[in-house]
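Read through the structure below, which is laid out as structure tokens, and then see the notes.
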Amino acid sequence: MSTIIRDFIDTLNSQDQLFLSSFCWRCKDVPIPHYAYVVTDNVASGIMHVLHVLIGRARLFWDLGYNDFLPNWGKPGFFGEGLSGYPTDVTRDVLPIPCHSHNDYWRRVPLFEAVHWGCTGVEADVWLFDEELYVGHNTAALTRNRTLRSLYIDPLVDLLDKQNLQTEFSNTSRHGVFDEDPEQTLVLLVDFKTDGHELWPYVEEQLEPLRSKGYLTYFDGSTVIPGPVTVVGTGNAPFDLVVANSTYRDVFFDAPLDQLQEESQNPIVEDGEGKNSRASDADGVAPPPRSEGEQIDTPPSMSPQVFDTTSSYYASVSFSSTVGRVWGGHLSPRQMEIIRRQIKDANKRGLKARYWETPSWPIGLRNHVWHVLVKEGVGMLNVDDLQGAAKEDWQRRRHTWW
């Protein structure tokens with residue numbers, strides 16, 4: 001590089017060389033051609049130094065590894081043929097993390113994208129039409145080929161079959177989808193969009209391929225037996241049918257997180273001045289409605305005591321409805337009090353607290369809320385940005401600088 005710049009300097013006239021020399025404090029009393037070269041040497045050295053620093057630090061931001069070493073190793077007809085893979089490679093190096101793939105069916109590759117990033121929960125909105133269960137956010141989004149069976153049940157069976165191969169070395173039957181943690185369950189949250197009592201028997205029927213192979217978490221009348229897949233009903237899921245069978249059940253309920261306390265406190269609502277306050281009967285303000293039917297209210301006669309590990313798995317609620325809007329980029333002491341109380345109530349019953357409708361923008365605010373929820377012990381983080389969630393520190397760093 002220095003030689004190239006020297007050649008360029010030689011093409012300049014004396015006035016241009018003098019102008020160039022003004023940028024070099026060490027060029028005083030040096031003949032023009034010489035100090036011009038001194039300038040170019042300094043510039044070239046500086047550029048090379050900067051490039052060296054940037055390239056040296058690049059590993060902080062990107063994985064600079066490459067697979068050019070024996071690129072055909074293990075392929076048919078090449079060195080190491082048949083030795084390049086393992087039966088359970090599909091989730092190799094995937095670290096399972098407690099994040100729930102919100103509206104998972106919207107993703108380019110439903111189910112598998114969430115598993116790729118390590119999320120241990122996926123969500124399917126299910127509608128009953130013509131005795132079939134279709135998956136979509138609303139009826140306008142439904143198509144004949146996107147069903148609960150095609151998007152989730154059949155792919156899960158196929159994936160789990162690969163994780164539980166019967167060989168001369170292994171006869172496992174209840175390993176989960178994550179090779180790094182075979183005991184980790186994957187939650188399939190089924191959001192009942194149409195009438196729950198009509199939809200229920202079809203959900204039960206379509207779970208049979210998972211059930212018959214022992215892939216479902218179930219309650220045997222006295223104990224909950226963990227399995228590779230835990231099915232949770234939400235939305236219009238009928239609690240009475242969830243608990244109807246006292247000796248066996250493999251669909252659990254999404255309990256109302258804001259109604260687990262014996263004396264339920266009213267949610268926080270936003271007043272006209274942009275501040276958060278509690279709604280109460282005395283205020284004459286009704287609690288804000290739940291959104292999108294994702295969680296129905298508990299019947300007045302139902303005690304919070306019915307929600308435990310034998311009947312439920314999640315305990316969920318809308319963040320915006322119960323905690324309120326986050327002002328100034330940080331949660332207020334009152335909001336922290338509500339979060340801590342609700343998570344404590346869920347933990348006391350052995351349930352995993354989950355908030356939907358958490359802030360998604362700006363990113364700094366979203367991350368702040370995520371960090372607070374994780375620190376306070378939330379059971380599952382409801383996320384739309386899977387890659388962003390995978391970058392978080394979940395007590396084991398995926399990359400050295402995160």
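The values are calculated or read from the model by the stated rules, or taken from the named source; none is laboratory data. Note that the coordinates shown come from a computational prediction; the quantities given were computed from them, not determined experimentally. A quick note on method: Cβ atoms are made from the backbone with ideal geometry, for glycine too, and the neighbour counts reach across all protein chains shown. Accessible surface areas use protein heavy atoms only, side chains included; no ligands, DNA or RNA. Shrake-Rupley method; radii C 1.70, N 1.55, O 1.52, S 1.80 Å.
Quick look at the numbers
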| read-out | value |
| --- | --- |
| Residue within region 133-151 that is open to solvent by less than 40 Å² (accessible area, probe 1.4 Å) and in contact (Cβ under 8 Å) with a residue 60 or more places away in the chain present | yes |
| Checking SER222 against (1) open to solvent by 60 Å² or more (accessible area, probe 1.4 Å); (2) at pLDDT 95 or above; (3) in a helix (DSSP H, G or I), the condition it does not meet | (3) |
| Residue check for ASP191: modelled with pLDDT of 95 or more and either under 14 Å from VAL251 (Cβ atoms) or surrounded by 15 or more Cβ atoms within 10 Å (Cβ to Cβ) (or both) | yes |
| Number of the exception - LEU216 against (1) in contact with a Pro (Cβ under 9 Å, 6 or more places away or on another chain); (2) over 29 Å from ALA140 (Cβ atoms); (3) open to solvent by 10 Å² or more (accessible area, probe 1.4 Å) | (3) |
| Condition broken by LEU165, with the remaining ones in (1) touching a Pro at 6+ places or on another chain (Cβ under 7 Å); (2) touching a residue at least 60 places away in the same chain (Cβ under 8 Å); (3) open to solvent by less than 60 Å² (accessible area, probe 1.4 Å) satisfied | (3) |
| Region 326-368, subset in contact with a strand residue (DSSP E or B) (Cβ under 7 Å, 6 or more places away or on another chain) and more than 21 Å from LEU189 (Cβ to Cβ), residue most open to solvent (accessible area, probe 1.4 Å) | ARG334 |
| Members of region 242-257 that are in contact (Cβ under 8 Å) with a residue 12 or more places away in the chain and open to solvent by 50 Å² or more (accessible area, probe 1.4 Å) | SER246, THR247, TYR248 |
| Test: residue in region 131-154 that is modelled with pLDDT of 95 or more, more than 24 Å from the chain's Cα centre (by Cα) and in a strand (DSSP E or B) | yes |
